[in-house]
Amino acid sequence: MTALTPSHACRTAALVALAIAAALPAWPQPAPATQPAAQPPAIATAEKRPTVDVPVRRVVLFSSGVGFFQHAGTVTGNAATELRFKTDQINDVLKSLVVSDADAGRVTSITYPSQNPVSKTLKSFQIDISSNPSFADILSQIRGAKVTVQLSDNTLTGTILGVESKDRPEGPKDDQKVVHTSYLNLITGGADAGIRSIRLDDVLKLTLDDPALQSELNQALAALAQARDKDKKPVIVNFDGAGDRRVAIGYVVETPVWKTSYRLILPDQSSKDEAHLTAWAIVENQTDNDWNNIQLDLVGGRPISFIEDLYQPLYAPRPVVQPRLYAGLTPQTYDEGMNEKALNSPAPTAAFGGGGFGGGGGGRGGRGGNARVLNGALSRELAQQQAGAPMMTPAAVPPADFAQGVAALADASKVGEMFQYSVANVSLPRQRSAMIPIITGQLPFDRVSIYNQSVLPRNPLHGVRLKNDSKNYLLAGPVTVLDMVKGPNGQMTQSYAGDASIDDVPPGQDRLLSYGVDQDALVDADKHDAKNSLMTGVIVNGVLRLQYLDRMSQTYQIENKSDLPKDVIIEHPRSPDFTLKTPAKPLEKTDKVYRFETTVAPKGNATVDVVEERTRWEELAIMNLDITGLDTWAKNDTLPKTVQKALSTAGDMQRKLTDLNRQKQTADADRASILQDEDNLRKNIDALASDTKSRNEAVKALTDKQTELNDTNKRIRDLQDGIEKAHRDLESYLSTLNVGNT
């Protein structure tokens, strides 16, 4: 298996229970006595055993963007098969891979390249090339290794003692420069035994005489090369056993979402035939394998999907503990622990089901006609060609019938909460896409015009109400609508009418589709009104609660300019908290709109009035109302008489309180005036000579003012006491005031 599409979307966890369990063959297992004796599992590699091809036999595509791939084949003896994936797919494979080796065989191991950082992998070898070491650095790492050094005039064999750097002069005497040069110190044997210092620039070739060390270097270079090839990760499955055996492999990886596209062919408006619906599944083979005669299952559903990083090695940090010495350590005792027993329950299994029905099966008869299911039917033109009949010239071509000659290839079935279409013997080359008919047949429908003011303010849209009375689950997708039109020669022919979009339609449900502007109908929705009116009021603990009725009305005036009657569906927006009053009941409602249906006669008019109402309460604190407000509400005849009387009483009490406050304000002003007069008199007395008539008169006037001030102060105190009492009386009255239908 070569690499598939990279994984950047969510993955499935629930798929394993639904798809994988059913995908692997339920082959009978032999009795334990016939199995070979248990052997310690050995990590085998594909190079040590024959490699066989286990091709793809089944593909299950989900509308959530993942696919389950099942390989099946035969192996002989000990064998291995190699699957190749992109790096981003390995997490999916590690999470979902399942294998089966029937007929007394077993899977001993599944191997794949490590995802360790290449630097960590390279550091695991005796020769560390992770930091792009120089020739001198490599030789320093293998001190003590036996090597053969070829120079221009000699070949030396010995053991590496080390590498050192020396400074040597270079250039003419009058302009010499110091150059750092590396030297290999080599211990040689034989007649010239000793330590030789060899300048590395003079070494033409160096050979490692230790095969194990040379192998380590080769492995490090191979790991470095493999790290560059991120798109080719081999996963090797090793099978052990004797003789011919059946094996299977399954896994989940990301795939393009399979899509559904529909063709809806409408009969002539005067006909009572049903509409013909064809559903095409659009699938892509984005793998690097050809699909040859596979079983293709298309599943509609949203299983939970996620990615978990299982490929990247994880290293848990550990604390570094220094050795410590303990003298006379006292023996420790520990309390008993509690053992938790795992509950082992059998894992549930699920199978993608048979027992389905044909994609175009069982459509009921049209309105006044019989059902016409076209599974497997050939078009009349194709039948004539196969029979050797001459090809028709363009002038003789009859009106096309695009409902002919398309047969549903899929068997439909229910899988838990999901729906599945199964197509056998599918062949699709790699990196190619295909359209596969999965549903074809007749469905009942009604022609309607659909009006929504927010979509188009003046015209409704041509549409149909499609009734899914089949057992097929119609998945969401675009719908191309073809309708009958009169051709140049007067014959009726099928022609493009527009595009629609449809949501999921389970069996037994209806859906509206709109596909074009209805220019033969006009709608006037400019007449609308909104008003509110007071209904009643109550007083609760001194709070006036007023009940209002809000009323909104909308009139739709429809004019039919065509010669045929029209069934018009009005979509009216639902207002929060409002209740529909007129019409008494809608045709249907959604979260956002009411739908009302009316029939408009040819060249006729129709009116649809929509009225919505709601009641709401407003609250006013009576204590905060002024006298004008209290008098206004007390005279409002919409309120109950008891409420009016209570408000009138509160108004009288508020009026008394207001009058006392006004009197106190007058007294406060008088006191301020008296104090000013006293101040002026004191200044005059100070300025006049003693024992004069003018000074004596001023003293007498000051005495009179003091008496007047004392009287005014007493009046202010009495008024303040009266105000406080009036305020307490009003608060006490309102705090327990409950009047009306409470």
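Note on Arg715 and Met623: with the Förster distance fixed at 30 Å, the Cβ-Cβ geometry gives a FRET efficiency of about 0.65. One quarter of the convex hull surface built on the alpha carbon atoms of the stretch 606-742 amounts to 14.7 nm², the projected area averaged over directions.
As a test of the definition: which semi-axes, in Å, follow for the stretch 203-289 when you take the square root of five times each eigenvalue of its alpha carbon gyration tensor? Largest first, please.
Working: eigenvalues 751, 92, 12 Å².
Whole-Å semi-axes of the equivalent ellipsoid: 61, 21, 8.
With 32 Å as the limit, the listed pairs Lys531/Lys561; Lys471/Lys585; Lys585/Lys635; Lys146/Lys177; Lys531/Lys592; Lys656/Lys683 have Lys531/Lys561; Lys585/Lys635; Lys146/Lys177; Lys656/Lys683 beyond it between alpha carbons.
Extending 7 Å from Cα along the Cβ direction at Asn489 and again at Thr599 yields two label points whose distance is 3.7 nm.
Pop out the carbon and sulfur fraction of the accessible area of the stretch 596-681 as a percent, whole number, probe 1.4 Å. Can you show the working numbers first?
Working: 2290 of 4880 Å².
Here it works out to 47 percent.
Straight Cα distances below 14 angstrom link Lys205 to the aspartates and glutamates Asp153, with same-chain residues fewer than 8 positions distant left out. Extending 7 Å from the Cα toward the beta-carbon at both Arg655 and Ser562 defines two label points whose distance is 7.1 nm.
Here the stretch 153-262 exposes an accessible surface that is 50 percent carbon and sulfur, computed with a 1.4 Å probe and the other protein chains kept in place.
Which length gain, in nm to one decimal place, applies between Lys581 and Lys645 when the Cα-Cα distance is subtracted from 0.36 nm times their residue separation? Walk me through the numbers before you get to the answer.
Details: separation 64, 0.36 × 64 = 23.04 nm, distance 3.46 nm.
Value of the extension gain: 19.6 nm.
With a cut-off of 18 Å on the backbone N, the residues of the stretch 512-531 near the modelled label site 7 Å out from Arg447 along Cα-Cβ are 512-522. A straight Cα-to-Cα reach below 16 Å connects Lys86 with the lysines Lys95, Lys230, Lys232, Lys233, residues fewer than 8 places away in its own chain not being considered.
Taking 0.36 nm per residue of separation and subtracting the Cα-Cα distance, what length does fully extending Thr188 through Ser694 add?
Here the answer is 167.8 nm.
Provide the FRET efficiency to the nearest 0.05 for the Leu221-Ser501 pair, computing r from the beta carbons and using R0 = 45 Å. All intermediate terms of the calculation are to be shown ahead of the outcome.
On the way: r = 57 Å, r/R0 = 1.27.
Here the calculated transfer efficiency is 0.20.
Under the simplified labelling scheme, the Asn293-Thr51 pair shows an inter-label distance of 2.6 nm, with each label point 7 Å from Cα along Cα→Cβ. Full extension of the chain between Ala672 and Ser140 gives 180.7 nm of extra length, using 0.36 nm per residue less the Cα-Cα distance.
The values are calculated or read from the model by the stated rules, or taken from the named source; none is laboratory data. Worth saying up front: this structure is predicted, and the values here are computed from it rather than measured. Note: ideal-geometry Cβ built from the backbone for every residue, glycine included; neighbour counts use all protein chains shown. Heads up: the accessible areas ignore ligands, DNA and RNA and are worked out on the full protein's heavy atoms, side chains in. Shrake-Rupley method; radii C 1.70, N 1.55, O 1.52, S 1.80 Å.
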